[in-house]
Amino acid sequence: MATTSATTFSIGSTVSFGSRGKPLPQSKPFVARFTSPNSLASFSGLKAATYVNCESESSFFGKESSAALRGSFVPKAQKANQKSQYGLQPVASYKVAILGAAGGIGQPLALLIKMSPLVSALNLYDIANVKGVAADLSHCNTPSQVQDFTGASELGNCLKGVNVVVIPAGVPRKPGMTRDDLFNINANIVKTLVEAVADNCPDAFIHIISNPVNSTVPIAAEVLKQKGVYDPKKLFGVTTLDVVRANTFVAQKKNLKLIDVDVPVVGGHAGITILPLLSKTKPSVNFTNEEVEQLTVRIQNAGTEVVEAKAGAGSATLSMAYAAARFVESSLRALDGDGDVYECSFVQSDLTDLPFFASRIKLGRKGIEALIPSDLSGLSEYEEKALEALKPELKASIEKGIAFVQKQPVTA
């Protein structure tokens, strides 16, 4: 969630945080040191220090961009009564695999993850055309080493020792196609990939992007259960794009600074199951009934807005890649010991009578540390009604995913 973060991507050979910069040779692991009495109250990704120097002849940032980047890291808030300095020393030591890396989401997502200072190895898998993607990315002067894996025979090797698996594989939406229309194709893809995850890296965080998420996450859970390795704390449906859109649209509507806006989004990840809790917006802001309805409908239908604008040439690939990269970075921060990481995600939940539900969660080294129930208390009348209205559709999607796996036992 925006309440916890600010993305730090270091590109080029000279980057310093509060001290003189030193060259970052490709042959040595990257270490960025953060020491500041302040912490950021917003944005996503790694927390930043008071001062950032990104001036380097080998960086693609120009002078104006460098100045803007430095400005973006000016701390916005100081934790109340904070007596000790916040210290974070991220080291490039985590291994991430993207399954479906040659696709419309996979390629920009791979680029964004390649920029993370926490990633030491980036494994790219697809059934075709991934070798060129890996070769292209490998030229970027960031710490992670890129490897490509093509086809089912190489999938196991791709997943060995991985800390975070991201699955954007599947077919995209086309004009006139609902998320449910995607089910028969993408359900089989997700089932096969998660079987391989269970066999090769059962302790990894698993990020499901493949739609329909309301069904594919339950599919993944059932596969992991049948394999005997299911850990509900480490399975996530990536709904971050709904939060990103809600923050963007609210900031535009109310003329707010985007960096300050935080709107929790609960429910599911399709149509009316997407419920932005506008009454919980931070900073506190008043909406008319008409604004609430307009914003809610736009956030729910934002994917269709992009599909129609692209006129058959694709779906929301770039914004999805951005949102997924944010969730990956949050997961890596949690794995690295940051104790203040919150995001919204579609996970196994007991906050409602549904077995899976998207809500704000606290992330830690072992996955989900806590669900945040407070967002569901004190809802507006509109939100209460919308919450009850979404439940039958979400329940049906969840049950459809569970039934799919139960009818098709996993491969031993």
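The values are calculated or read from the model by the stated rules, or taken from the named source; none is laboratory data. Computed from a prediction, not measured in an experiment: that's the story for all the values here. Note: ideal-geometry Cβ built from the backbone for every residue, glycine included; neighbour counts use all protein chains shown. Ligands, DNA and RNA are excluded from the accessible area calculation, which covers all protein heavy atoms including side chains. Shrake-Rupley method; radii C 1.70, N 1.55, O 1.52, S 1.80 Å.
Points to keep in mind about this one:
- Unmet criterion (only one of (1) in a helix (DSSP H, G or I); (2) over 22 Å from LEU112 (Cβ atoms); (3) open to solvent by 10 Å² or more (accessible area, probe 1.4 Å)) for PRO202: (1)
- Subset of the range 275-302 that is touching a residue at least 60 places away in the same chain (Cβ under 8 Å) and among the β-branched types (Val, Ile, Thr) - its residue that is surrounded by the most Cβ atoms within 10 Å (Cβ to Cβ): THR296
- Counting only strands (runs of 3 or more DSSP E) that sit wholly inside the range 294-402, those with at least 3 residues that are within 21 Å of the chain's Cα centre (by Cα) and under 19 Å from ILE105 (Cβ atoms) are 341-348.
- Enumeration of residues in the range 221-261 that are free of Cβ contacts under 8 Å to residues at least 40 places away in the same chain, within 20 Å of ILE189 (Cα to Cα), assigned to a helix (DSSP H, G or I) and aliphatic (A, V, I, L, M): LEU224
- Those helices (runs of 4 or more DSSP H) lying entirely in the range 47-148 with at least 3 residues modelled with pLDDT of 95 or more and assigned by the TED database to the domain that holds ASN200: 106-114, 130-137
- Flag for PRO218 being farther than 21 Å from LEU332 by Cα, modelled with pLDDT under 95, of a type outside the set (Lys, Arg) and crowded, with 23+ Cβ neighbours inside 10 Å: no
- Within the range 128-149, residues that are closer than 16 Å to GLY103 by Cβ reach partners that are outside any helix (DSSP H, G or I) and of a type in the set (Phe, Trp, Tyr) with beta carbons closer than 8 Å, at six or more positions or on different chains, in the pairs VAL130/PHE149; ASP148/TYR125; PHE149/TYR125.
- The set of residues in the range 248-285 that are among the charged types (D, E, K, R) and closer than 17 Å to ALA323 by Cβ contains only ASP262.
- Of all the numbered requirements in (1) under 26 Å from SER397 (Cα atoms); (2) of a type outside the set (A, V, I, L, M, F, W, C); (3) modelled with pLDDT of 95 or more, GLY314 misses one, and that requirement is (3).
- The range 250-261: number of residues that are in contact with a strand residue (DSSP E or B) (Cβ under 9 Å, 6 or more places away or on another chain) and open to solvent by 10 Å² or more (accessible area, probe 1.4 Å): 1
- Residue in the range 362-374 that is within 26 Å of THR192 (Cβ to Cβ), touching a residue at least 24 places away in the same chain (Cβ under 8 Å) and open to solvent by less than 30 Å² (accessible area, probe 1.4 Å) present: yes
- Note on the range 102-148: residues that are open to solvent by less than 20 Å² (accessible area, probe 1.4 Å), under 15 Å from the mean Cα position of the chain (by Cα) and under 20 Å from ALA313 (Cβ atoms) amount to 2.
- Residues satisfying the stated conditions in the range 375-393, i.e. free of Cβ contacts under 8 Å to residues at least 40 places away in the same chain and farther than 23 Å from LEU241 by Cβ: SER377, GLU381, GLU384, LYS385, GLU388, PRO392
- Index of the failed condition, THR304 passing every other in (1) at pLDDT below 95; (2) hydroxyl-bearing (Ser, Thr, Tyr); (3) under 19 Å from ILE361 (Cα atoms): (3)
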